[in-house]
Amino acid sequence: MSFRLRFGSLGSRLLPGYGTLVLAITLVGIGVSITRPYLSLFGANVVHMSAAELGVFMCVNGVGGILASTWLGRLSDLRVAKKFIMLVSAACSALGYGVFLVLHSYLPLLIVSTVLLGLGSSVFPQLFAYARETASRVPGVDATFATSSLRSFFSLAWVIGPLLGSYLLQVCHFSGLFAATALLFAAVFAIVVWRIERRPPAGIQGSRPIKSFAMLRDGHIVTACLSYVAVYTASSMNGLYMPLFVTKELHGSDRVVGSVVALSAGLEIPIILGLGVLSVRIGKRPLLLFGSVCGAMYYVGAWLAQKPWEMLALQLLCATFIAISVSIGMSYMQDFMPGTPGPRRRCTAIRTT
């Protein structure tokens with residue numbers, strides 16, 4: 001009887017169609033994580049990019065993702081159903097990763113991947129926007145619990161993806177890696193077609209979308225945004241060049257790269273789950289400062305590392321840094337803008353590019 005009561009209480013806190021959202025978000029997470037840790041190796045070893053060309057490639061792709069996600073997010077607020085945007089985004093992701101199978105020339109690959117993967121970056125944030133919209137329609141649903149648990153499945157996908165990617169890389173090389181990623185996003189497309197409900201956008205329903213740049217008149221928000229950009233610049237640099245550092249400088253294997261990324265993602269899950277209690281007791285600002293210190297210690301440790309196992313040991317610091325900056329940092333930003341869903345969508349888009 002006690003089990004039934006607990007299970008019923010848990011079920012009441014979840015969204016209608018929760019299992020569909022879990023499956024779609026997990027597949028998106030695996031699709032991204034199966035390939036992202038190895039893109040720099042692909043660029044260096046197959047396309048023969050220099051370090052500078054690789055940096056430009058990832059920067060342009062990232063900017064394209066931010067611009068496309070912001071544009072598509074605004075369309076979903078005004079006049080286009082989220083289901084249609086998710087379909088376009090999932091299709092573009094599948095095509096974008098498929099392009100890596102056939103284009104190995106730097107400039108054409110840069111242009112085509114920026115367009116397709118930029119448009120494809122919206123599927124993840126739109127899934128979360130759809131989940132929050134569902135929560136607002138159903139009384140008695142704990143939206144915070146539901147969306148937090150959905151994010152944990154995305155983190156879990158980052159434990160699975162890099163290890164699966166290292167296996168595919170050894171068995172099928174880069175062709176198998178990108179083909180598997182394209183198939184995963186094709187599966188997400190199928191899930192959206194058959195399982196996601198089509199709803200009118202917020203603009204048609206009468207609500208007015210938030211003007212994003214109007215919020216930047218607040219100096220506290222500007223400072224927080226600049227700090228957020230600095231943190232994620234450091235995190236992006238680590239994600240981009242860590243695989244090259246492990247394989248070229250520390251002479252580790254591709255499997256070590258996957259283990260480093262998966263270990264960091266696995267450690268993030270219990271840290272994120274414990275941060276909710278700590279933020280109430282300690283406060284968000286001290287936690288963010290502690291996370292920044294952990295990040296600085298991680299980068300100094302990586303600078304001094306001489307063996308691949310040392311990078312594995314440093315992932316506790318890296319996971320703490322990322323977990324705090326993502327979960328607490330996002331919540332800290334939202335405290336400046338209560339009741340505003342848009343910033344969360346755009347920050348999530350930045351996270352996944």
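The values are calculated or read from the model by the stated rules, or taken from the named source; none is laboratory data. Source: prediction; values computed, not measured. Positions of Cβ are backbone-derived with ideal geometry, glycine not excepted, and every protein chain shown enters the neighbour counts. Accessible surface areas use protein heavy atoms only, side chains included; no ligands, DNA or RNA. Shrake-Rupley method; radii C 1.70, N 1.55, O 1.52, S 1.80 Å.
Across the protein chains, with a 1.4 Å probe defining accessible surface, the residues 309, 194 rank 194, 309 from largest area downward. Our coupling estimate for the stretch 26-32, obtained by passing each phi through the Karplus curve with A = 6.51, B = -1.76, C = 1.60 and θ = phi - 60°, is 5, 5, 4, x, 5, x, 6 Hz, Gly and Pro reported as x.
A probe of 1.4 angstrom, applied to the heavy atoms of all protein chains, finds residue 318 with accessible area near 10 square angstrom. Under a 5 Å amide H cut-off, with hydrogens placed 1.01 Å from N, residue 199 pairs with 82, 83 among residues at least 5 apart or on other chains. Dividing the convex hull volume of the alpha carbon atoms of the stretch 72-182 by its residue count gives 107 Å³ per residue. Rounded to the nearest whole Hz, the Karplus-based 3J(HN,Hα) values (6.51 cos²θ - 1.76 cosθ + 1.60, θ = phi - 60°) of the stretch 163-169 follow the sequence 5, 5, x, 5, 5, 4, 5, with x at glycine and proline.
With a/c under 1.5 counting as rounded, go ahead and sort the stretch 245-309 into rounded, prolate or oblate using the C-alpha gyration tensor (a ≥ b ≥ c being the square roots of the eigenvalues; past the cut-off, prolate if a/b is larger than b/c, else oblate). Don't jump to the answer; show the numbers that get you there.
On the way: a/c = 5.07, a/b = 1.95, b/c = 2.59.
It is oblate, given that a/c is not under 1.5 and a/b is not larger than b/c.
The 3J(HN,Hα) values that the Karplus relation (6.51, -1.76, 1.60; θ = phi - 60°) gives for the stretch 124-134 are, in residue order, 5, x, 5, 4, 6, 5, 5, 5, 5, 5, 4 Hz. Gly and Pro appear as x.
Taking a point 7 Å from the Cα of residue 248 along the Cα-to-Cβ direction, the residues of the stretch 36-61 with backbone N closer than 17 Å to it are 37-59.
Answer rounded, prolate or oblate for the stretch 70-115, using the Cα gyration tensor with square roots of eigenvalues a ≥ b ≥ c: rounded when a/c is under 1.5, else prolate when a/b is larger than b/c, else oblate. Oblate.
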